[in-house]
1. What percentage of the solvent-accessible surface of the chain, computed with a 1.4 Å probe over protein heavy atoms, is contributed by carbon and sulfur atoms?
2. Suppose a student asked you for the relative contact order of the chain, using Cα pairs under 8 Å spaced at least 6 residues apart; what percent would you report?
3. Under a Cβ-Cβ cut-off of 11 Å, what is the net charge of the residues other than Ala58 that fall near it, where Lys and Arg count +1 and Asp and Glu count -1?
4. What distance in nm lies between label points placed 7 Å from Cα along the C-beta direction at Ala13 and Ala39?
5. Could you point to the label whose value was computed as P(r) over Cα pairs in 5 Å bins from 0, in percent for the structure here, given (1) 3, 15, 21, 18, 16, 14, 9, 3, 1, 0; (2) 4, 21, 34, 26, 10, 3, 2, 0; (3) 3, 14, 13, 18, 18, 13, 11, 7, 2, 0?
6. Relative to the longest principal axis of the chain, what angle (0 to 90°, nearest 10) does the C-alpha long axis of helix 2-12 take?
7. Please list 27-36, 10-19 highest first by mean number of surrounding beta-carbon atoms within 10 Å per residue.
8. Excluding Gly18 itself, what net charge comes from residues whose Cβ is under 15 Å from its Cβ, given Lys and Arg +1 and Asp and Glu -1?
Amino acid sequence: ALVYLIQTKLADAGYDPGPLDGVLGDQTTEAIRAYQAQAGLEVDGQPSLDLFNALRQAAAPAQQ
């Protein structure tokens with residue numbers, strides 16, 4: 001489920017993770033790497049809760 005959520009957030013952010021199928025394929029890995037590099041995160045191409053939270057925070061404008 002985490003991979004699917006990350007795929008949807010990547011797609012929303014303009015990165016192409018391939019099919020939104022919850023499968024960690026090459027295209028999803030490359031999209032993760034591209035996002036990690038752009039966001040200043042460790043580039044390992046792996047889905048993680050930290051990655052998901054970074055994507056979620058980047059997608060949400062600062063709301064107080």
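1. 50
2. 35
3. +1
4. Once both label points are built, they end up 0.3 nm from each other.
5. Answer by label: (2).
6. With both axes taken from Cα atoms, the answer is about 70 degrees.
7. 27-36, 10-19
8. Working: positive: Lys9, Arg33; negative: Asp12, Asp16, Asp21, Asp26, Glu30.
Taking every Cβ under 15 Å from that of Gly18, the sum is -3.
The values are calculated or read from the model by the stated rules, or taken from the named source; none is laboratory data. Remember, it's a predicted structure, so these values are computed and weren't measured experimentally. Heads up, the Cβs are rebuilt from the backbone with ideal geometry, glycines too, and the neighbour counts pull from every protein chain shown. For the accessible areas, the whole protein counts, side chains as well, though only heavy atoms, and no ligand, DNA or RNA atoms are used. Shrake-Rupley method; radii C 1.70, N 1.55, O 1.52, S 1.80 Å.
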